[in-house]
Amino acid sequence: MSRSRTFRSAMLVFFGLGLGTIAAIGSGSLTPFLISRPPGPNTLDELAPIEVGEVDRAAPAELMKGWPRLFGPLSDSIVPTDRAETLGWNGSAPEVVWRRSIGTGYSSPVIAEQKAVVLHRIGDEELTSVYDLVTGDVIWERRDPTSYVCPNPPHSSGPYSTPLILNGHVYVQSAQGMLRCLDFANGETIWERNLSEDYKVPENVFAVGHTPAVYKDMLLLNVGGEPEAGVIAVDQQTGETRWTSTAHTASYATPQLATIHGQPFCFVLAADSAVSLNPDTGAEDWSFPFKAIAEDFVNATSPVIYGDVVIFTAYQAGTKYLRILPDRGFEEIRQDKRTLVSQFNPLTCRDGYLYGWHFFDKSFRCVDLASGELLWKYNGRLGRGTHVISGDSILLYGESGKISVISTNPHELTELQEPTEPLLAEPAFSAPAISNGYVLLKNEEEVVCIRAVP
């Protein structure tokens, strides 16, 4: 494999990282609009009305504070409205508050209680490092042994999964599939399980990379194990298995949850399929083949949920838009291979508009969900990356280590902040975390804290 191809396929891993998870869920009163299917071999060819009704976006109160999991409180890359502010630095460089050297891994930082958690690797140890968000001082640090070596160098040997902070605990998952529940105050072990051993998980293309999703008192994980343990639920307090389901192997995306038609749903983009489950029991509603098309390319972008529409995307396979039906089935309402397809980067849907990086030209795009029309695309020389939507602004963080800010205005592309000089060395694949006026950015060498506004 050439270095250029190797580098490209490395990038897909991060956001599944558990990166996997971005999901945006629409809410509000019933709003009718149309989803169009442009004619062509890769699309359906008729208009279908769709109503986006009120959807349960509720999350445990603890998750609504800070930035305690991958892609934020609701796992959708959106700062909650009650603390959103327009980002930017009036054309100047953002203020760097502190910077710390760290080890390898594509895991993303998370924030709770004015503390930042970073999972990384130095030598043959994986470190869970907890910093004071304001000063960058180390509060506590835990080291656990690891022997994982990625079978596809020069890809990182991890860790890839992003920590989760919830109810006084921090959950971390190693590159080898060891899931640990730690006391958030001091890092002491509450419980731990080697899920790769427990469920005979086959070696994947890269390290274990999915991030746990939260449902009631359970954690849901796309383990990809045996027998019939493609997705599992474990008790948050004890780590005991509550249910196992499906024979699908693991991807690098995080399960996404929503209440639709008054019923709970869990949507999973597994390694080879799109899947719907009942999160209470693990019962599978349906699945269909859907996977990245290319050797050593994996499914890594988490499903997006908006009203009763669920969106799955994968490298070259395209983007599928489904309507979820009251009987828990679905109908396909659009398939797109040209307008917005993600390789590994997250997508966000807000107010009927879909935002994200297109895999082909590395542009950040805005698409009208109703019509499928490309409204604008931004080429900021950032490389593909991730984003955070805060108020009327979108912070873009590219693999180049640069950031810029653009407006959320779907009708006009407006750059609010030109791309900065690199704040971190490339490649930078981890997602930002934002809380209390601070933004954390990370690569495989450093974590840097900047102010969100002047």
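When each of 134, 118, 172 is tested for being surrounded by fewer than 22 Cβ atoms within 10 Å (Cβ to Cβ) and among the β-branched types (Val, Ile, Thr), the lone residue that passes is 134. Among the residues of region 274-306, those identified as of a type in the set (Gly, Ala, Ser), assigned to a strand (DSSP E or B) and open to solvent by less than 10 Å² (accessible area, probe 1.4 Å) are 274, 276.
Tell me yes or no: at least one residue of region 310-317 is open to solvent by less than 10 Å² (accessible area, probe 1.4 Å), closer than 27 Å to residue 392 by Cα and either among the aromatic types (Phe, Trp, Tyr) or at pLDDT below 90 (or both). Yes - at least one qualifying residue is present in region 310-317. One residue stands out among those in region 318-354 that are within 15 Å of the chain's Cα centre (by Cα) and polar (S, T, N, Q): the one that is modelled with the lowest pLDDT, which is 343. In region 414-438, the residues that are open to solvent by 50 Å² or more (accessible area, probe 1.4 Å) form Cβ pairs under 7 Å with partners that are in a loop (DSSP other than H, G, I, E, B) and among the polar types (S, T, N, Q), at six or more places apart or across chains, as follows: 422/400; 426/400; 436/114. Selection within region 161-198: residues that are among the hydroxyl-bearing types (Ser, Thr, Tyr) and out of contact with any Asp or Glu (no Cβ under 6 Å at 6 or more places or on another chain). The member of this set that is farthest from residue 221 (Cα to Cα) is 189. Tallying residues that are within 17 Å of residue 415 (Cβ to Cβ) and not basic (Lys, Arg) within region 362-380 yields 8. Residue count for region 233-271, restricted to those that are closer than 22 Å to residue 203 by Cβ and within 18 Å of the chain's Cα centre (by Cα): 10.
For region 371-402, the candidate set comprises residues that are part of a strand (DSSP E or B) and open to solvent by 10 Å² or more (accessible area, probe 1.4 Å); within that set, the residue that is nearest to residue 452 (Cα to Cα) is 378.
The condition of being surrounded by 18 or more Cβ atoms within 10 Å (Cβ to Cβ), closer than 17 Å to residue 305 by Cβ and at pLDDT below 95 does not hold for residue 213. For residue 205, indicate whether it is modelled with pLDDT of 95 or more and among the β-branched types (Val, Ile, Thr). For residue 205, the condition - modelled with pLDDT of 95 or more and among the β-branched types (Val, Ile, Thr) - is not met.
Set side by side, the residues 281, 259 differ, and just one is of a type in the set (S, T, N, Q), at pLDDT below 95 and farther than 24 Å from residue 411 by Cβ, which is 259.
Filtering region 337-355 to residues that are open to solvent by 10 Å² or more (accessible area, probe 1.4 Å) and either assigned to a strand (DSSP E or B) or under 26 Å from residue 80 (Cα atoms) (or both) leaves 350, 351, 352, 353.
The values are calculated or read from the model by the stated rules, or taken from the named source; none is laboratory data. This is a predicted model, so every value here is computed, not measured. All Cβ positions, glycine included, derive from the backbone under ideal geometry; neighbour counts span all protein chains shown. What goes into the accessible areas is simple: the full protein's heavy atoms, side chains included, and nothing from ligands, DNA or RNA. Shrake-Rupley method; radii C 1.70, N 1.55, O 1.52, S 1.80 Å.
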